Structure formats: C-alpha cells, structure tokens
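The values are calculated or read from the model by the stated rules, or taken from the named source; none is laboratory data. Everything numeric here is computed off the predicted structure, so don't read it as measured data. Note: ideal-geometry Cβ built from the backbone for every residue, glycine included; neighbour counts use all protein chains shown.
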Amino acid sequence: MISNGMQRREIRTLSELADIAREALMSCVQKETATVIALTGDLGVGKTAFTKELAKLLGVSHEVTSPTFVIMKSYPISTHPFFKTLTHIDVYRIESEDEIRVLGFAELLKDPTQLICIEWPEKIQNSIPTDALTISFTLLKDTRTITYEF
C-alpha cells in the first residue's frame, strides 16, 4: 500500500463510495502475501456496499452479497494484473479467533493473488496483518463519514 496520510470523507452516494473503492484499489501494490482491507463500523453503514463497489471495479461477474451467515465468500477476478480472487469475510458472528483459523484464514493470507475484505475485523484483531488497509465507516442521518489511510 502507498500511504497518502489519514483522510476523512463525507459521502452521500454510491458513486462517491465507488470513488473511494477505486482509490483503495489503486493504492494496492503486488506483494508476497494477500492484501487485506479491514472494514470497520456499525451495522448498515456501508461495509458490504464498499465491497460490492470494489467487486465491480475488479470485474467480478457474480452478485456480491453479505457473507454474514456463511462467514466467507470468494469471487473469481479475471481482469486484474495480480489479484485473482476477492474474498469477502464477515466475522460478526465469530466468537473466537480460533473459528477463523478453521476456515483456512492463515492459508488465505499467504496467497498474494487474494484481495480480502473483512467486516468486523476488531473481532479477530490478532489475526489481521499489520499492513492491512483499514477503512472506517460511520453514518449520521443520510451522510456516511469514511476515514481511511491509503
């Protein structure tokens, strides 16, 4: 990731969210491990919507839906130079970090062709790589405030 310092943006539309997803994707550099984007914020603030916008940019043809009940969903990417899979993980229902281990999370993190979006990363904080990109969402009336550092 290339860091441009902490940024805070207020958005009202999906196209503005798509702009942030584009910036996040453009900041990604090829590395020897997976790229992780940690998405924090309350229910309904835009974490899954962000992942959907990211998927569109990556040319994912499948419909991206929240993995709340299945925990993890993966989507093939065919148009990106180094990402081959978008994996969307929602750990809201996870009770312990051991549960994420059973899903093969450590193996996913070793794969440099993985772009992994994780909702509720604070529940598995010790498993999140230190170089993860964190995007925080808050909602006040019809305005979302998104804080990030790319």
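Out of contact with any Leu (no Cβ under 6 Å at 6 or more places or on another chain) and among the hydrophobic types (A, V, I, L, M, F, W, C), is that true of L86?
Numbers: out of contact with any Leu (no Cβ under 6 Å at 6 or more places or on another chain): no; among the hydrophobic types (A, V, I, L, M, F, W, C): yes.
Taking the combined requirement at face value, the residue does not satisfy it.
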- prompt: Restricting the search to the range 1-45, which residues are assigned to a loop (DSSP other than H, G, I, E, B), closer than 17 Å to T138 by Cβ and β-branched (V, I, T)?
  reply: T13, V45
message: Pairs needed: first member in the range 21-39, closer than 11 Å to F82 by Cβ and in contact (Cβ under 8 Å) with a residue 24 or more places away in the chain; second member anywhere, of a type in the set (A, V, I, L, M) and assigned to a loop (DSSP other than H, G, I, E, B); C-beta distance under 7 Å; at least 6 residues apart or different chains.
response: C28/M1; V29/M1; V29/I2
Sole exception among (1) surrounded by 14 or more Cβ atoms within 10 Å (Cβ to Cβ); (2) of a type in the set (D, E, K, R); (3) within 20 Å of R93 (Cβ to Cβ) for D42, by number: (1)
- request: Tell me which residues, restricted to the range 53-70, are over 10 Å from E119 (Cα atoms) and touching a strand residue (DSSP E or B) at 6+ places or on another chain (Cβ under 9 Å).
  value: L54, A55, L58, V60, S61, H62, V64, T65, F69, V70
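Does A49 satisfy the condition of being of a type in the set (G, A, S), farther than 20 Å from F82 by Cβ and either modelled with pLDDT under 95 or touching a helix residue (DSSP H, G or I) at 6+ places or on another chain (Cβ under 7 Å) (or both)?
Details: of a type in the set (G, A, S): yes; farther than 20 Å from F82 by Cβ: yes; either modelled with pLDDT under 95 or touching a helix residue (DSSP H, G or I) at 6+ places or on another chain (Cβ under 7 Å) (or both): yes.
Here the answer is yes, as A49 does meet what is asked.
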